[in-house]
Amino acid sequence: MGKITASKEKLGPDPKFGSVLASKFINSMMWNGKKSVSQRIFYDALDIIKEKLPDKDPLEVFTTAVENVKPNIEVRSKRVGGASYQVPMQVNRNRQLSLAIRWILAACREKKGRPMHEKLAAELIAAYNREGVAYTKRENVHRMADANKAFAHFAW
């Protein structure tokens, strides 16, 4: 049995743009080990972005979109003396990235009736403009953390 390594150690950049972030996203989107399908969806989405925002680099739009969706702070449940409190906490870098990717993909998968690459392109453009389902999710997480600031002293 081979040693299991975190994807970060083994993850190579994607073939088309040479971006590690893109290949991480493609891997997260992949279902049933079908990487070529996932890659095609991702590149088709970037082609659509290129058409809709001709003056912008599609990879830059993608990167900025992911950056915009990353949460800086989140609430975690902490039990103190029989009561559970939602305690706001800083989010570490890796978790920020995986949450952002997860939220963008979840937002795309919720929408029905259009091909995945179209939904992905729409969601990425929305996140790039600081709107859309994934960005709203981030805002809600931040709002919850703000609302529960009173419990910050329980942070461990």
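Derivation of every value follows stated rules applied to the coordinates shown; laboratory data play no part. On a predicted model such as this, the values are computed, not experimentally measured, just so you know. A quick note on method: Cβ atoms are made from the backbone with ideal geometry, for glycine too, and the neighbour counts reach across all protein chains shown.
Data table
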read-out: Inter-site label distance for MET30 and ARG102 at 7 Å from Cα along Cβ, in nm; value: 1.9 nm
read-out: Helix-only CD estimate at 222 nm, as mean residue ellipticity for the chain, using -39500 (n - 2.57) per DSSP H run (n ≥ 4); value: -18000 deg cm²/dmol
read-out: Environment charge of GLU123, counting only residues whose C-beta is closer than 12 Å and scoring Lys/Arg +1, Asp/Glu -1; value: +2
read-out: Cα long-axis angle, helix 35-52 against the chain (0 to 90 degrees, to the nearest 10); value: 80 degrees
read-out: Euclidean distance of C-alpha centroids, the stretch 131-156 and the stretch 81-103, integer Å; value: 9 Å
read-out: Acute angle (nearest 10 degrees) that the helix 93-110 long axis makes with the longest principal axis of the chain, alpha-carbon atoms; value: 60 degrees
read-out: Nearest-ten-degree value, helix 116-128 long axis tilted from longest Cα axis of the chain; value: 60 degrees
read-out: Counted charge near ASP146, where neighbours are those whose Cβ lies closer than 14 Å (Asp, Glu -1; Lys, Arg +1); value: +1
read-out: Förster radius 25 Å - calculated FRET efficiency between ALA147 and ASN94 (Cβ-Cβ, nearest 0.05); value: 0.45
read-out: Contact order relative to length of the stretch 1-107, as percent, for alpha carbon pairs under 8 angstrom and 6 or more apart; value: 17 percent
read-out: Simple spin-label estimate for VAL37 and ARG114 in nanometres, 7 Å along Cα-Cβ; value: 2.1 nm
